[in-house]
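A single structure is presented below for examination.
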Amino acid sequence: MSKPADLNEPLWKELLPRITTGILGLAVFAVAWFGIAGRLTWWQGWAFLFTFIIYTGILMWHLSKSNPDLVRERYRPADKAEAWDRLLMGIYSLFLVALLIVAALDGGRFLWSAVPLGLQMIGWVLLVVAGVMVWHVMMTNAYLSSWARIQEDRGQVVVQEGLYRRIRHPMYLGIILAFLGIPLALGSWWAMIPSLVIVGLFVYRTYLEDRMLIDGLAGYAEYTEKVRYRLLPGIW
């Protein structure tokens with residue numbers, strides 16, 4: 001479990017350049033995204049953007065108080081990550097950009113496809129469920145790195161609490177649900193194509209990370225005997 005800690009100034013001083021870069025990058029992205037969409041009245045885009053900003057901001061603020069070391073780990077560069085994960089996440093980044101561009105062109109500018117309002121709401125339900133799952137996992141797993149790596153420098157141990165009692169990779173299940181919901185919430189069937197590719201990448205990442213943990217993390221092989229399923233109980 002995460003160990004409580006007070007918000008400390010050195011953490012913010014350490015991460016301030018990355019946070020500033022992230023905020024500026026988000027502002028540039030918003031201008032470019034709505035430029036691609038061709039109109040400022042694309043309410044699905046605004047709803048998604050504001051929800052993402054508010055959710056991420058509150059989550060990072062809470063983590064910085066409860067577990068600042070995890071925030072540092074989440075911002076760690078990829079230098080210690082597995083080579084296959086750097087490649088996989090590079091491909092993911094390309095398809096994420098493709099998803100957002102296609103959604104803006106479809107749902108915002110050209111209206112190539114029409115997602116009924118009821119299905120858009122289902123997309124938001126998936127996003128809410130995904131958000132709850134990600135929040136829970138962030139609070140439960142103090143070793144939840146952005147990259148696949150064995151954290152010997154942080155004394156990593158096997159986490160077996162919360163959703164980890166049911167499946168081995170609840171974070172990835174949350175991410176998969178989010179990417180199934182994003183195209184619906186943005187009103188674009190065409191955006192589902194890159195989104196499904198991303199889902200496939202995370203399913204594959206789950207398999208590769210599982211092998212890495214079995215080979216490199218003490219107690220993980222025994223954990224897989226107790227919790228047999230990676231993402232879906234009773235299925236896989």
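The values are calculated or read from the model by the stated rules, or taken from the named source; none is laboratory data. Because the structure is a prediction, the values reported are computed rather than measured. Positions of Cβ are generated from backbone atoms using ideal geometry, with glycine treated the same way; all protein chains shown enter the neighbour counts.
Any idea which residue in region 3-22 is nearest to residue 53 (Cα to Cα), counting only those that are modelled with pLDDT of 75 or more and surrounded by 12 or more Cβ atoms within 10 Å (Cβ to Cβ)?
Only one residue tops the list, namely 22.
Can you pull out the residues in region 203-236 that are part of a helix (DSSP H, G or I), aromatic (Phe, Trp, Tyr) and in contact (Cβ under 8 Å) with a residue 60 or more places away in the chain? Walk me through it before giving the result.
Filtering region 203-236 for residues part of a helix (DSSP H, G or I) gives 203-216, 220-226.
Those left that are additionally aromatic (Phe, Trp, Tyr): 204, 207, 220, 223.
204, 220, 223, listed by residue number.
Please verify whether residue 58 is within 24 Å of residue 136 (Cα to Cα) and either modelled with pLDDT of 90 or more or in contact with a helix residue (DSSP H, G or I) (Cβ under 6 Å, 6 or more places away or on another chain) (or both), treating the condition exactly as stated.
It is true that residue 58 is within 24 Å of residue 136 (Cα to Cα) and either modelled with pLDDT of 90 or more or in contact with a helix residue (DSSP H, G or I) (Cβ under 6 Å, 6 or more places away or on another chain) (or both).
Report, by residue number, each residue of region 165-174 that is in a helix (DSSP H, G or I) and either surrounded by fewer than 19 Cβ atoms within 10 Å (Cβ to Cβ) or in contact with a His (Cβ under 7 Å, 6 or more places away or on another chain) (or both).
In the first step, residues of region 165-174 are kept if they are in a helix (DSSP H, G or I); the result is 165, 170-174.
Residue satisfying the conditions is 165 alone.
Out of 152, 161, I need the residue that is within 18 Å of residue 217 (Cβ to Cβ) and in contact with a Ser or Thr (Cβ under 6 Å, 6 or more places away or on another chain). Which one?
Working: 152 fails: in contact with a Ser or Thr (Cβ under 6 Å, 6 or more places away or on another chain).
It is 161.
Determine which single condition residue 164 fails, assuming it passes every other condition in (1) over 13 Å from the mean Cα position of the chain (by Cα); (2) within 15 Å of residue 198 (Cα to Cα); (3) in contact (Cβ under 8 Å) with a residue 12 or more places away in the chain.
It is condition (2) that residue 164 fails.
Right, residue 148: on the phi < 0 side of the Ramachandran plot and not in a loop (DSSP other than H, G, I, E, B) or not?
No; evaluated as a whole, the condition is false for this residue.
Further, regarding this structure: Mind checking whether some residue in region 107-117 is surrounded by fewer than 19 Cβ atoms within 10 Å (Cβ to Cβ), farther than 30 Å from residue 67 by Cβ, small (Gly, Ala, Ser) and more than 18 Å from the chain's Cα centre (by Cα)?
Yes: region 107-117 contains one or more residues that are surrounded by fewer than 19 Cβ atoms within 10 Å (Cβ to Cβ), farther than 30 Å from residue 67 by Cβ, small (Gly, Ala, Ser) and more than 18 Å from the chain's Cα centre (by Cα).
Follow-up. Show the residue pairs meeting these rules: Cβ distance below 8 Å; 6+ apart or different chains; first residue within region 12-26 and touching a residue at least 60 places away in the same chain (Cβ under 8 Å); second residue not in a helix (DSSP H, G or I).
From region 12-26, the pairs are 15/75.
Further, regarding this structure: Counting only residues that are closer than 26 Å to residue 139 by Cβ and surrounded by 12 or more Cβ atoms within 10 Å (Cβ to Cβ), which one in region 24-55 is modelled with the lowest pLDDT?
Keep residues of region 24-55 that are closer than 26 Å to residue 139 by Cβ, which gives 26, 47-55.
Filter once more, keeping what is surrounded by 12 or more Cβ atoms within 10 Å (Cβ to Cβ): 26, 47-49, 51-53, 55.
Values: 26: 91, 47: 97, 48: 97, 49: 96, 51: 97, 52: 95, 53: 94, 55: 96.
Ranking the qualifying residues of region 24-55, first place goes to 26.
Could you pull out the residue among 91, 101, 122 that is at pLDDT 95 or above, in a helix (DSSP H, G or I) and under 15 Å from residue 45 (Cβ atoms)?
Details: 91 fails: under 15 Å from residue 45 (Cβ atoms); 122 fails: under 15 Å from residue 45 (Cβ atoms).
Result of the check over 91, 101, 122: 101.
Moving on. Residues 23, 53, 19: which one is under 22 Å from residue 180 (Cβ atoms), part of a helix (DSSP H, G or I) and hydrophobic (A, V, I, L, M, F, W, C)?
On inspection, the qualifying residue turns out to be 53.
In this structure, does residue 158 turn out to be under 17 Å from residue 47 (Cβ atoms) and either crowded, with 19+ Cβ neighbours inside 10 Å or over 20 Å from the mean Cα position of the chain (by Cα) (or both)?
For residue 158, the condition - under 17 Å from residue 47 (Cβ atoms) and either crowded, with 19+ Cβ neighbours inside 10 Å or over 20 Å from the mean Cα position of the chain (by Cα) (or both) - is not met.
So, one more: Out of all the residues in region 181-197, which are surrounded by 20 or more Cβ atoms within 10 Å (Cβ to Cβ) and either part of a helix (DSSP H, G or I) or acidic (Asp, Glu) (or both)?
Result: 181, 182, 183, 184, 185, 192, 194, 195.
May I pose another question? For the condition at pLDDT 95 or above, in contact with a Lys or Arg (Cβ under 8 Å, 6 or more places away or on another chain), farther than 24 Å from residue 216 by Cα and charged (D, E, K, R), what is the one hit in 109, 168?
Checking each option against the conditions leaves just 109.
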